[in-house]
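Student: My questions will all concern the structure given below.
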Amino acid sequence: MNNTKNKVARAITLTLRKNWRQTWNSSLLRAQMMIGSVLLTIILFMLPSFFNQIEKRNGIVLNDPVLAAIPAHNVSGIIFTILWGVGLYALFRAIQKPSIFITYVWGLIFVCILRVLTISLIPLNPPAGLIVLNDPLTGIFYGESDITKDLFFSGHTSTLFLIFLCLERKTDKIVALIATIVVAVLLLVQHVHYTLDIVAAPIIVYPLYRFIKFLLN
């Protein structure tokens, strides 16, 4: 039994080394990984300032019959657990296969840029009955203040849907897709987003992902 485990561990280690060696030995892949990581770090560092600025402006309140039919409940803990659980698992897969990491980093870069543009161009006030999402890790990207106006389109839904697109194994994709749907529903339960914000996220992210794949290849 121990010998079998040791053989499996050695095989996994050799595969990881091979994958990362091939990636690092390719000047193109190495550049994509390094430039993407730097750009994403810069963007994430700048986001708190942006979110604090949009929080100061006034916007419109949308008429949302779906939210009106759903009593608001605080489900922050469940959202937090699913989001970061799937995120950590995706990181595990990305460590196994660097191409997943590269695709996700560049996908997230473009998602962040596009969200900055859409949030800037579409000023919205938060939905009626909103319960502020309590997520201490995601809160790092918002700064110290409670941010309620980063609405169109949903960042949480986009992040999970992008993970679903980037993962390669069928089982992984099924789990990530279910997580995306569950979190999307829970965001509506907590009245964090309008229905439009949630529905638009995958519609926007999918062609963006296809563009990233074309760009990287």
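Student: Charges at C-beta only: +1 for Lys and Arg, -1 for Asp and Glu. How large is the resulting dipole of the range 39-216 about its Cα centre, in Debye rounded to 20?
Tutor: Numbers: 11 positive and 9 negative charges, 121 e Å.
Dipole size: approximately 580 debye.
Student: So for the chain, averaging the separation of alpha carbon pairs under 8 Å that are six or more residues apart and normalising by length, what relative contact order in percent results?
Tutor: Rounded, it is 29 percent for the chain.
Student: Just want the answer: with Cβ charges of +1 for Lys and Arg and -1 for Asp and Glu, which residue in Leu83, Ala176, Phe153 is farthest toward the dipole's positive end in the range 39-216?
Tutor: Of the candidates, Ala176 comes out farthest on the positive side.
Student: Counting other beta carbons within 10 Å of each residue's own, what order do Thr171, Thr23 fall into, fewest first?
Tutor: Ascending Cβ contact count within 10 Å gives the list Thr171, Thr23.
Student: Shifting gears a bit: Please report, for the Cα atoms of the chain, the Rg to one decimal and the Dmax as a whole number; what are they, in angstrom?
Tutor: Reported Rg and Dmax, both Å: 19.0, 65.
Student: Where does each of Val185, Val86 land when they are ranked from fewest to most other beta-carbon atoms within 10 angstrom?
Tutor: Lowest count first: Val185, Val86.
Student: Sticking with this structure for a sec: Provide, as a two-decimal number, the C-alpha radius of gyration of the range 101-217 over 2.2 N^0.38 Å, N being how many residues it has.
Tutor: Ratio of Cα Rg to 2.2 N^0.38 Å: 1.06.
Student: Then there is this: Specify the angular offset, from 0 to 90 degrees and rounded to the nearest 10, of the alpha carbon long axis of helix 195-216 from the longest principal axis of the alpha carbons in the chain.
Tutor: 30
Student: Separate question: To the nearest 10 degrees, how steep is helix 98-121 against the longest Cα principal axis of the chain, on a 0 to 90 scale?
Tutor: Value to nearest ten degrees: 20.
Student: Continuing with the same structure: Run the helix sum for the chain: -39,500 (n - 2.57) per DSSP H stretch of 4+ residues, divided by residue count, reported at 222 nm to the nearest 500 deg cm²/dmol.
Tutor: Helix-only estimate at 222 nm: -24500 deg cm²/dmol.
Student: Projected onto the charge dipole of the range 39-216 (+1 at Lys/Arg Cβ, -1 at Asp/Glu Cβ, origin at the Cα centre), which of Leu133, Ser120, Ile54 gives the Cα projection farthest towards the positive end?
Tutor: Going by the Cα projections, it comes out as Ser120.
Student: Where does helix 155-166 land angle-wise versus the long Cα axis of the chain, in degrees 0 to 90, nearest 10?
Tutor: For helix 155-166, the angle is close to 30 degrees.
Student: While we're here: Quick check on the exposure proxy: order Thr118, Thr180 from fewest to most C-beta atoms within 10 angstrom.
Tutor: Thr118, Thr180
Taken together, the values in this text are just the output of simple stated rules run on the coordinates, not laboratory data. For clarity, every value in this text was computed on a predicted model and none was experimentally measured. Cβ coordinates were reconstructed from backbone atoms using ideal geometry, including for glycine residues, and neighbour counts include every protein chain displayed.
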